[in-house]
Amino acid sequence: MTESSPDPVFPPVTMHAVRPNDPVVARVHSSTPATSRRAASIVRHVEVDVSGTPLEGAFRAGQSFGVVPPGETAKGKPHGVRLYSIASPTRGEDGAGKILSTTTKRVISEYADAEDAHRHELFLGVCSNHLCDLRPGDEVLVAGPNGKGFLLPEAPEQHNYIFLATGTGIAPFRGFLKELLEGDSPCPSKILLMLGVPWETDLLYREELEALAQKHNNLELRWAISRENHHPDRGPYVHDRLEREWSELESRFTDPKAMVYACGLAGMQVGVFRLLAQRGLTEQFLKIRDEETAGMDPSEWDAARIKRFVRPGARTKLEVY
Ligand SMILES: Cc1cc2nc3c(=O)[nH]c(=O)nc-3n(C[C@H](O)[C@H](O)[C@H](O)COP(=O)(O)OP(=O)(O)OC[C@H]3O[C@@H](n4cnc5c(N)ncnc54)[C@H](O)[C@@H]3O)c2cc1C
């Protein structure tokens, strides 16, 4: 590796301006599909007007906020808060920090119960469906902002970016891309966004992202479509696609100014961290907290070992859920 750029410095953030046990009333501003109309998964782009609440002007791109759904659990307790990544830039959707957005996937499946193999009625996630059901003008209880570990650096132009997302993990990257590229002086950093989804119709914000990439030639988009065997962008998963296209992508990762951000499904951490280590990039991007793990061939690291002992380094940001 050539001489490294300084380690990134991150801006201070407001946390918990509104506590989840004392949420405030905000209003849904808009709700639109974030995927193609024919998508297998149902994901909505929901904009929430937080004006007049302590959240107004208090959030940064990359943070999340809390939503408290109405009603009670089966045990009679009020439902707890759920976190949703903010999909807006720091200036919000409106340019004044009054409207934030998120990318919400309806949790829908058949019930799975380890103690009752015959239980299979419809399982609907409480908060994701509440949020997706709301109409413009409806009230929603919110809290936050939350998180200080998934932010753009204070001097974004000093770095180049590799953004890796699966599914709704795209949310913070939508905010980052708007923050970096829209406005009077777009950031000249080189940016790669790779988004992994099961089917092409599940691609989130496709038109918006493609329009940004058309306008800014420092942004490259790559899709990893996992379940369409015939698809030219077949992954199957994000780390597989990185591996397959390593000869084209290697220079982005060995670039001394590179930062890697990964957001989405928890499984992504395993594949991406193992790949970085196998490609000799541990020093740049990872911290290994255990001598035995450090001495092993990374191809032998299993998921439990990676989750326990391998952490993001100063140039790596990880948010998985
Ligand atoms: C930092 C952070 C950021 C996040 N950002 C986003 C985001 O941007 N967009 C987004 O959509 N989500 C996001 N999430 C996830 C979100 O917080 C919720 O967890 C998600 O929406 C599900 O909540 P729910 O109330 O709909 O589901 P719940 O009612 O809480 O149901 C989910 C729970 O039920 C269990 N379960 C799931 N399926 C079944 C089944 N078939 N049978 C029985 N039990 C089951 C699961 O184990 C899980 O514990 C984020 C989470 C975190 C921590």
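In the set (1) open to solvent by 20 Å² or more (accessible area, probe 1.4 Å); (2) closer than 30 Å to Phe10 by Cβ; (3) more than 9 Å from the ligand (Cβ to nearest atom), Glu115 fails one condition alone, (2).
Any residue that is among the small types (Gly, Ala, Ser), under 18 Å from the mean Cα position of the chain (by Cα) and open to solvent by 20 Å² or more (accessible area, probe 1.4 Å) - is there at least one of those in the range 253-269? Scanning the range 253-269 turns up at least one residue that is among the small types (Gly, Ala, Ser), under 18 Å from the mean Cα position of the chain (by Cα) and open to solvent by 20 Å² or more (accessible area, probe 1.4 Å). Looking at the range 72-79, can you tell me whether even one residue there is within 13 Å of the ligand (Cβ to nearest atom) and touching a residue at least 24 places away in the same chain (Cβ under 8 Å)? Looking for residues that are within 13 Å of the ligand (Cβ to nearest atom) and touching a residue at least 24 places away in the same chain (Cβ under 8 Å), one finds at least one in the range 72-79, hence yes.
Name every residue in the range 227-249 that is of a type in the set (Gly, Ala, Ser) and open to solvent by less than 20 Å² (accessible area, probe 1.4 Å), in order of residue number. Result: Gly235, single match.
Note on the range 154-170: among residues that are open to solvent by less than 10 Å² (accessible area, probe 1.4 Å) and under 13 Å from Val260 (Cα atoms), the one that is nearest to the ligand (Cβ to nearest atom) is Ala165. The single condition among (1) assigned to a strand (DSSP E or B); (2) over 25 Å from Ser101 (Cα atoms) that Arg222 does not satisfy is (2). Scanning the range 27-49 for residues that are within 16 Å of the ligand (Cβ to nearest atom) and either hydrophobic (A, V, I, L, M, F, W, C) or open to solvent by 20 Å² or more (accessible area, probe 1.4 Å) (or both) yields a total of 15. All of Leu221, Leu203, Leu265, Leu209 fail the test of being among the aliphatic types (A, V, I, L, M) and touching a helix residue (DSSP H, G or I) at 6+ places or on another chain (Cβ under 6 Å), apart from Leu221.
The values are calculated or read from the model by the stated rules, or taken from the named source; none is laboratory data. Not measured: the values here are computed from a predicted model. Note that we place each Cβ from the backbone using ideal geometry, even for glycine, and neighbour counts take in every protein chain shown. Note: accessible area is taken over every heavy atom of the protein model, side chains too, but ligands, DNA and RNA are not part of it. Shrake-Rupley method; radii C 1.70, N 1.55, O 1.52, S 1.80 Å.
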